[in-house]
Each structure stands twice: as structure tokens, then as C-alpha cells.
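Engineer: Encoded as C-alpha cells, here's the structure I'll be asking about.
The values are calculated or read from the model by the stated rules, or taken from the named source; none is laboratory data. All values derive from a computational prediction rather than experimental measurement. Heads up, the Cβs are rebuilt from the backbone with ideal geometry, glycines too, and the neighbour counts pull from every protein chain shown. To get the accessible areas, we keep the full protein, side chains included, count just its heavy atoms, and leave off ligands, DNA and RNA. Shrake-Rupley method; radii C 1.70, N 1.55, O 1.52, S 1.80 Å.
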Amino acid sequence: AQALLNIDDDAGVEKAVALLTEFVAANPKDLTGHTLLARAHLQRGANADAERAAKAALALEPSSLQVLGLLAGIYRDRYDYAAVVAVLAPATRDAAAPSGARVGEFVRLLAELGGAQQQLGDAAAAV
């Protein structure tokens, strides 16, 4: 299914959504399946479905930087900056110091959070 998402083709994305939907139904505790399903829904422009899948992934792993970023991106794209802050502020405040490859993802989430705070007029929090 992940390979189908790399193909810039509507039929491939639809096939990926079908496969991933079936997969997460059979494996409801699979974080990767829910995350890939959210990405697949985003590729087809089904943002509400993407949000549901991302929330299901986040319920499985609340500290997943990848899933937090995915969900924050969904909210940012619909200009819901309060939701971006609600998702990212607790996660970035309470997170343990990341290491390795996670540092870059964590910095990206901090930038996303700061941008949302600025959009909401809270420049002091954005610093």
C-alpha cells in the first residue's frame, strides 16, 4: 500500500485506501497502518477521513511526532490554528528531549506551533 502512495495516480491512491482500510480493520492497533491511511486520504483530498485516521493513530501512540505533525498539518491546511496549538502545545511542552533523527521532526513541530501561535496573535508564546 505504501508503494501505491508513491505513485502519482488516482487509481493507485484509491487502491491504497482500500487496502489500508481493510488492513486497519483487521489490525486496529497498528500505528503504521492508521498513519498510512491518513496520508492516503490526504492524497485523495479526503481531509475529514485523514483526520479520523490520524486521530486513531494518535490514540495508539500519543507521543508520535510523525502523527502529531500529520494532524497539525491537517488543521493548518484548514486554517484552524487553535487546533494546531491544542495538538502541539502539550506534546512539545511535555516531550522528553528528542535525539537522533527525531530532533529535526521536533524542531519542525515547534516551528509549526510557533506559526500557529502567531496566526492567533500570540507572538509572545511563539518565541
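Engineer: So if I check each of Lys15, Lys29, which one is open to solvent by 40 Å² or more (accessible area, probe 1.4 Å), modelled with pLDDT of 95 or more and in contact with a Leu (Cβ under 8 Å, 6 or more places away or on another chain)? Let's see the steps before the verdict.
Structural biologist: Values: Lys15 fails: modelled with pLDDT of 95 or more.
Of the residues listed, the single one that is open to solvent by 40 Å² or more (accessible area, probe 1.4 Å), modelled with pLDDT of 95 or more and in contact with a Leu (Cβ under 8 Å, 6 or more places away or on another chain) is Lys29.
Engineer: Also, I was wondering about something else. Which is open to solvent by less than 30 Å² (accessible area, probe 1.4 Å) and among the aliphatic types (A, V, I, L, M), of Leu42, Leu58, Leu71?
Structural biologist: Numbers: Leu42 fails: open to solvent by less than 30 Å² (accessible area, probe 1.4 Å); Leu58 fails: open to solvent by less than 30 Å² (accessible area, probe 1.4 Å).
On inspection, the qualifying residue turns out to be Leu71.
Engineer: Being more than 19 Å from Leu31 (Cβ to Cβ), touching a residue at least 40 places away in the same chain (Cβ under 8 Å) and touching a Leu at 6+ places or on another chain (Cβ under 7 Å) narrows it down to one of Glu105, Glu112, so name that one. Break it down into steps so the answer makes sense when it comes.
Structural biologist: Numbers: Glu105 fails: more than 19 Å from Leu31 (Cβ to Cβ).
Residue meeting the stated conditions: Glu112.
Engineer: So, one more: Could you look through the stretch 93-114, keep only residues that are among the small types (Gly, Ala, Ser) and open to solvent by 30 Å² or more (accessible area, probe 1.4 Å), and pick out the one that is modelled with the highest pLDDT?
Structural biologist: Step one: filter the stretch 93-114 for residues among the small types (Gly, Ala, Ser), giving 95-97, 99-101, 104, 111, 114.
Within this subset, residues satisfying the condition of being open to solvent by 30 Å² or more (accessible area, probe 1.4 Å) are 95-97, 99-101, 104, 111.
Numbers: Ala95: 66, Ala96: 69, Ala97: 66, Ser99: 73, Gly100: 77, Ala101: 71, Gly104: 85, Ala111: 92.
Applying the filter and picking the extreme gives Ala111.
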